[in-house]
Amino acid sequence: MGPLAGVKVVEFAGIGPGPMAAMQLADMGATVLRIERREPADLGVPRPLKYNLLLRNREAIALDLKDAQSIELVLELISGADALIEGFRPGVMERLGLGPDVCRERNPRLVYGRMTGWGQDGPLAHAAGHDINYIALTGTLNAIGRKGQAPVAPLALVGDFGGGAMFLVMGVLAALLHARSTGQGQVVDAAVVDGASSLATAFYGLSAGGQWSGERGTNILDGGAPHYDCYECLDGRYISIGPIEARFHAELLRRIGIDEAAAGSPGDRSCWERMRGEFQRVFKTRTRAQWCELLEGSDVCFAPVLSFDEAPHHPHLQARASFVEVDGVFQPAPAPRFSATPSKVPTAPRMPSGVAALGSWLSAERVEHWRHFLQDERSAA
């Protein structure tokens with residue numbers, strides 16, 4: 001199932017953007033085999049395994065990548081793969097004997113996807129780092145937060161998952177198209193600093209044109225504008241509004257009973273504080289549910305601010321089946337949606353399964369060849 005049915009991907013286990021990219025490819029139908037370390041590693045994996053949703057939809061085997069036989073098995077798998085994903089620091093795969101040159105000698109059409117925070121080269125390439133550091137360097141983190149307050153880390157959505165995983169997926173898919181038409185694979189260097197910078201392209205343009213203030217929390221899309229913000233309700237919960245367009249803004253004022261003359265014009269920044277005060281006053285007069293009843297589905301650009309527990313049960317997301325329940329765990333359904341080749345129904349994350357994971361990769365004879373070795377590996381682990 002899925003538009004990538006028949007595509008085979010070898011994934012080297014890691015954290016953050018690598019597993020997210022592998023999940024996306026697997027959701028779209030690719031057969032992904034995860035190579036786990038045999039020895040325990042601090043990869044930030046929650047326990048129990050069923051809650052590590054980034055590991056869904058694929059099999060895994062555990063290998064000692066310092067062992068020659070393990071490396072030979074990996075190279076045999078790579079010989080039949082379309083793509084490889086790894087997220088080690090630059091040079092690690094080369095030291096293991098699994099660098100791009102070695103792998104593409106075995107398989108010239110292989111797409112070799114490399115995921116790092118800083119990139120494969122540059123002064124910081126070998127330094128440790130995490131999402132917050134990468135987006136800090138790109139200017140993105142500096143732009144997120146309230147006026148007069150410290151920058152706010154936006155989960156890992158802008159860096160690891162948006163600027164990292166999604167750009168790795170895009171790069172791998174583009175390289176796969178090229179490999180299918182030419183028979184030539186290539187290396188995809190996906191770096192969070194590059195992807196996060198790319199996501200901020202529009203804001204770099206606004207800044208260059210003098211339409212974006214360097215002071216966070218003072219612009220129209222960063223919470224600075226009163227008509228693009230979140231407000232507390234009578235019950236302590238929050239709602240969001242975003243009527244940037246004049247007709248939508250006028251509709252909001254009409255529905256919530258604010259006189260436009262009292263609030264001022266949204267295009268006049270000198271009115272913003274007065275308008276914010278009016279919104280704060282009015283939105284605290286009703287509960288979130290009451291505001292939903294009045295405003296949801298209208299043209300005022302409104303939505304309640306829901307928690308992770310609440311979101312799967314919202315009628316709109318239920319109608320679209322935006323979430324699924326797998327092994328008792330609610331989780332986002334595969335996205336995007338395909339009319340002719342629907343994505344896989346997610347399967348729960350799985351522990352490394354040894355030789356059973358090789359069935360769709362190797363012939364029965366070769367699976368048998370590796371049986372005792374993998375059993376020995378599992379016993380040693």
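Throughout, read-outs are computed from the coordinates displayed, never taken from laboratory work. What you are looking at is a predicted structure, and each value in this text was computed from that prediction instead of being measured. Heads up, the Cβs are rebuilt from the backbone with ideal geometry, glycines too, and the neighbour counts pull from every protein chain shown.
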_Gaussian network model of the chain, Cα within-10 Å springs - most flexible of Ala225, Ala196, Ala83_ = Ala225
*If the viscosity is 0.890 mPa s and the temperature 25 °C, what Stokes-Einstein diffusion coefficient in µm²/s follows for segment 229-305 when Rh is the Kirkwood radius over Cα pairs?*
198
_Mean Cβ count within 10 Å, highest first, over the residues of peptides 253-266, 69-82_ = 69-82, 253-266
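For the chain, compute the number of Lys pairs whose alpha carbons are separated by less than 30 Å, excluding pairs fewer than 8 positions apart on the same chain.
The result is 6.
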*Figure the gain on full extension for Cys230 and Asp121 (residue separation times 0.36 nm, minus the Cα-Cα span) and round it to one decimal in nm.*
35.2 nm
*Please report, to two decimal places, log10 I(q)/I(0) for the chain at q = 0.07, 0.10, 0.11, 0.13 Å⁻¹ as given by the Debye formula with identical point scatterers on the Cα atoms and no solvent.*
-0.41, -0.77, -0.89, -1.12
*Modelled label reach - Glu215, point 7 Å along Cα→Cβ, segment 266-309 residues with backbone N closer than 16 Å*: 269-274
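Could you give the length gained on full extension between Arg237 and Val92, defined as 0.36 nm per residue of separation minus the Cα-Cα distance, in nm?
Working: separation 145, 0.36 × 145 = 52.20 nm, distance 4.77 nm.
Net length gain for the segment: 47.4 nm.
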*State, to one decimal in nm, how far the label point of Leu157 lies from the label point of Val102, with both points 7 Å from Cα in the Cβ direction.*
4.0
*With the dipole of the chain worked out from charges on the C-beta (+1 for Lys and Arg, -1 for Asp and Glu) around the Cα centre, which of Gly162, Pro90, Asn107 lies farthest toward the positive end?*
Gly162
*Along each of the three principal axes of the Cα atoms of segment 6-139, give the extent in whole Å, ordering the values from largest to smallest.*
41, 36, 30
*Taking amide H positions as placed 1.01 Å from N in the peptide plane, with prolines and chain starts having none, which residues 5 or more places from Val324, or on another chain, fall under 5 Å of its amide H?*
Gln331, Ala333
*Return Thr201, Thr287, Thr116 ranked ascending by Cβ neighbour count within 10 Å, so the fewest neighbours appear first.*
Thr201, Thr287, Thr116
*asked:* What's the magnitude of the charge dipole for the chain around its Cα centre, counting Lys and Arg as +1 and Asp and Glu as -1 at the beta-carbon? Answer in Debye, nearest 20.
replied: 320
_Where labels lie 7 Å past Cα in the beta-carbon direction, separation of Gln375 and Lys147 in nm_ = 7.1
*Show the residues, 5+ positions off or on another chain, whose built amide H is closer than 5 Å to the amide H of Gly113.*
Leu84, Ile85, Glu86, Val188
*In sequence order, what are the phi-derived ³J(HN,Hα) couplings for segment 338-349 according to the Karplus relation 6.51 cos²θ - 1.76 cosθ + 1.60 with θ = phi - 60°, rounded to whole Hz, with x for glycine and proline?*
10, 6, 9, 10, x, 5, 5, 6, x, 10, 5, x
*Rg over Rh [alpha-carbon atoms, Kirkwood Rh] for segment 212-258*: 1.03
*Quick one: which residues, 5 or more positions from Ala30 or on another chain, have an amide H under 5 Å from its amide H? H modelled 1.01 Å from N in the peptide plane, none for Pro or chain starts.*
Leu4
*Can you sort Leu199, Leu306 by how many other beta carbons sit within 10 Å, fewest first?*
Leu306, Leu199
*By counting other Cβ atoms within 10 Å of each Cβ, how are Val152, Val172 ranked from fewest to most?*
Val152, Val172
_Separation in nanometres of the label points that stand 7 Å from Cα toward Cβ, at Phe330 and Arg366_ = 4.4
*Packing-based ranking, highest mean first, of 17-30, 231-244, 328-341 given that Cβ atoms within 10 Å are counted*: 17-30, 231-244, 328-341
*How much FRET efficiency would the formula 1/(1 + (r/R0)^6) give for Ala261 and Ser207, where r is the Cβ-Cβ distance and R0 is 41 Å, rounded to 0.05?*
0.75
_I'd like the Karplus ³J(HN,Hα) series for segment 21-27: coefficients 6.51, -1.76, 1.60, θ = phi - 60°, whole numbers in Hz, and an x wherever there's a Gly or Pro._
5, 5, 4, 4, 5, 5, 4
*³J(HN,Hα) computed for each position of segment 205-219 - Karplus, 6.51 cos²θ - 1.76 cosθ + 1.60, integer Hz, glycine/proline x*: x, 4, 5, 4, x, x, 9, 9, 7, x, 8, 4, x, 10, 10
*What Kirkwood hydrodynamic radius do you get for segment 308-381 when you take the inverse of the mean 1/r over all pairs of distinct Cα atoms, in Å?*
15.7
*What's the FRET efficiency of Thr285 with Lys66 using the Cβ-Cβ distance as r and R₀ = 56 Å, to the nearest 0.05?*
0.30
